[in-house]
Amino acid sequence: MLTQHKIILGNSQQMRELADGSVQLMITSPPYPMVKMWDSLFVGEAPRIEALWRKLEADGEDGTVAQIYDAMHLYLGEVWRETYRVLVDGGIACINIGDATRTINGKFKLFPNHARILEICEKIGFTTLPYILWKKPTTKPKYKGKGAFLGSGFLPPNAYVTLDCEFILLFRKGNLRKFPTKDPQRYSSAFTKPQRDEWFSQIWALKGIRQTASELERRSAAYPDEIANRLIKMFSVKGDTVLDPFLGSGTTVSLAILNERNSIGYEMDPDLLPIIIKKLAGDKSNLAPEIQVIKR
Ligand SMILES: C[S@@+](CC[C@H](N)C(=O)[O-])C[C@H]1O[C@@H](n2cnc3c(N)ncnc32)[C@H](O)[C@@H]1O
């Protein structure tokens, strides 16, 4: 099947290239609020967030921290709202997100990003479905929020649980998707019983991307191919269109190609284009996809 893929270098808070109800599946992993590596992105994109960090330096108030966290989710919320608009009735949205822990002004705390996104997406109108926990190989537990567990980490009560799971939140827009009886595209997209048993269980134990990835690739915080592969097969049929509004290194588009789905990816950072192109060129499947790059 000849499939079509659009890489749009631009901000997905407005997906003006996409008509209402034109996408069957959205899969993405956004920048994670309150995770340090994404601070500069939020600051660069939302002047209010920069002003709030400066306010925090001056007042050190917990309330200002809460305002920064709210503003970061407001930024992502614009993309969830646009996603709702472009999904078809019955379309599915899959959001990979990790919670964050952080010490600010000497106070260590959890920022439960997954809970905030659930709330925001419900308000937009999405129906929340049971989610998946992506269990990553365990990293060293932390003591007082920094460094490795020290000897004193064996003494109660001041050590912290390590965040070694991320969430894959699942939502539906509207009603169940309808198909004609014995629809050939749907039947040719069926998964096997072992796949169904593994993929529809709640915990996925999968490795992250390799540590040898280039600096730029690491900056894109790619998720493993297997995450996009499973979600595409679970929630779309051949010939559907898959959207990733935070494309990063291009993982979602590359797996859409291999699974004979069309795709659209938005990425704001033009420096990632060579990495995306390299990833797509690595496809050895002879599927000859049509790839278009649109610079806004
Ligand atoms: C966590 S990364 C995505 C990683 C991706 N799943 C992969 O496998 O490579 C988030 C990406 O979203 C991009 N981004 C952030 N805000 C954006 C926006 N409003 N529009 C488009 N891209 C955005 C960032 O530049 C970053 O590359």
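Some observations on this one:
- Residues being out of contact with any Leu (no Cβ under 8 Å at 6 or more places or on another chain) and near the ligand (Cβ under 7 Å from one of its atoms) - total across segment 253-278: 1
- Pairs with Cβ under 6 Å, 6+ apart, first in segment 19-37 and of a type in the set (Gly, Ala, Ser), second within 9 Å of the ligand (Cβ to nearest atom) and at pLDDT below 95: 29/223
- Search result, residues across segment 122-136 that are modelled with pLDDT under 95 and at positive phi: none
- Residue in segment 41-48 that is at positive phi and at pLDDT 95 or above present: no
- Matching residues in segment 16-28 - criterion: being more than 9 Å from the ligand (Cβ to nearest atom) and among the hydrophobic types (A, V, I, L, M, F, W, C): 18, 19, 23, 25, 26
- When 262, 229, 286 are checked against the criterion of being surrounded by fewer than 17 Cβ atoms within 10 Å (Cβ to Cβ) and over 17 Å from residue 11 (Cβ atoms), 286 stands alone in meeting it.
- Residue in segment 1-13 that is crowded, with 17+ Cβ neighbours inside 10 Å, in a strand (DSSP E or B) and away from the ligand (no atom under 12 Å from the Cβ) present: yes
- Of residues in segment 17-44 being of a type outside the set (Gly, Ala, Ser) and more than 29 Å from residue 133 (Cβ to Cβ), the one surrounded by the fewest Cβ atoms within 10 Å (Cβ to Cβ): 20
- Hey, residue 139 part of a loop (DSSP other than H, G, I, E, B), more than 16 Å from the ligand (Cβ to nearest atom) and modelled with pLDDT under 95 or not: yes
- Some residue of segment 48-62 being within 12 Å of the ligand (Cβ to nearest atom), part of a helix (DSSP H, G or I) and aromatic (Phe, Trp, Tyr): no
- For segment 252-290, a tally of residues being closer than 22 Å to residue 216 by Cα and either touching a strand residue (DSSP E or B) at 6+ places or on another chain (Cβ under 7 Å) or assigned to a loop (DSSP other than H, G, I, E, B) (or both) returns 14.
- In summary, helices (runs of 4 or more DSSP H) completely within segment 189-251 and bearing 2 or more residues that are within 14 Å of the ligand (Cβ to nearest atom) and within 16 Å of the chain's Cα centre (by Cα) occur at 215-219, 225-235.
- When residue 281 is tested against (1) within 10 Å of the ligand (Cβ to nearest atom); (2) farther than 24 Å from residue 191 by Cβ; (3) not β-branched (Val, Ile, Thr), only condition (1) is not met.
- Count of segment 177-207 residues which are of a type in the set (D, E, K, R), without any contact (Cβ under 8 Å) to a residue 40 or more places away in the chain and surrounded by 12 or more Cβ atoms within 10 Å (Cβ to Cβ): 2
The values are calculated or read from the model by the stated rules, or taken from the named source; none is laboratory data. Keep in mind that this is a model prediction, so the values were computed, not measured. Because the Cβ atoms are built from the backbone with ideal geometry, glycine has one as well, and the counts that use them run over all protein chains shown.
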